[in-house]
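Working notes, beginning with the structure itself.
The values are calculated or read from the model by the stated rules, or taken from the named source; none is laboratory data. Everything quoted here is computed from the prediction, not taken from an experiment. Cβ coordinates were reconstructed from backbone atoms using ideal geometry, including for glycine residues, and neighbour counts include every protein chain displayed.
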């Protein structure tokens with residue numbers, strides 16, 4: 001009997017957290033009430049407070065959930081497996097798959113991250129720092145293994161690569177309007193990753209003196 005109750009509690013907790021994530025992503029933490037979260041989750045306000053004690057407690061749980069989701073992505077992108085695939089030239093599909101797993105279709109997580117990153121929120125600053133550290137680690141490993149060219153300023157290069165990644169989240173709607181695909185869907189992200197990989201590996205500019213294609 002106790003295990004059944006615990007399972008129901010966990011399900012209710014996740015349902016409330018996910019409802020809060022969606023509302024926070026749409027309107028911001030300060031603009032959403034506990035009653036609205038409860039209504040969206042199909043539970044009573046008392047149950048929200050039972051699980052999270054306060055709206056701030058619920059906000060902390062949402063932030064922790066976002067961080068855990070990104071940790072899965074960081075682990076995927078920071079591993080030796082990715083470095084080996086980059087050496088074989090087959091990493092773009094893997095990166096796309098990793099993003100789609102973290103940002104499935106209809107997920108409010110990208111919008112929530114965008115709000116965190118663009119409002120100087122401490123949680124957003126912490127996520128940015130973790131993402132930067134992962135990017136720098138991957139770049140250092142690529143340079144050491146000969147996959148990436150060395151640079152006089154690896155800090156700037158890592159920041160540049162990170163900005164490119166974040167653009168897909170921060171400018172999702174604008175990119176979708178420009179290219180005709182949502183860049184965080186499997187089709188759009190595969191298309192995005194293919195050309196970004198081509199730019200990184202072959203460059204965006206023609207070599208000096210090279211004739212343009214007819």
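Of all residues in the stretch 142-164, exactly one satisfies the criterion of being surrounded by 15 or more Cβ atoms within 10 Å (Cβ to Cβ), in a helix (DSSP H, G or I) and either at pLDDT below 85 or out of contact with any helix residue (DSSP H, G or I) (no Cβ under 8 Å at 6 or more places or on another chain) (or both), namely 142. What number of residues within the stretch 180-189 are part of a helix (DSSP H, G or I) and either under 15 Å from the mean Cα position of the chain (by Cα) or crowded, with 18+ Cβ neighbours inside 10 Å (or both)? Residues meeting the conditions: 3. Take the residues in the stretch 40-54 that are under 25 Å from residue 119 (Cβ atoms) and over 26 Å from the mean Cα position of the chain (by Cα), then tell me which one is surrounded by the most Cβ atoms within 10 Å (Cβ to Cβ). Restricting to residues being under 25 Å from residue 119 (Cβ atoms) and over 26 Å from the mean Cα position of the chain (by Cα), the top hit is 48.
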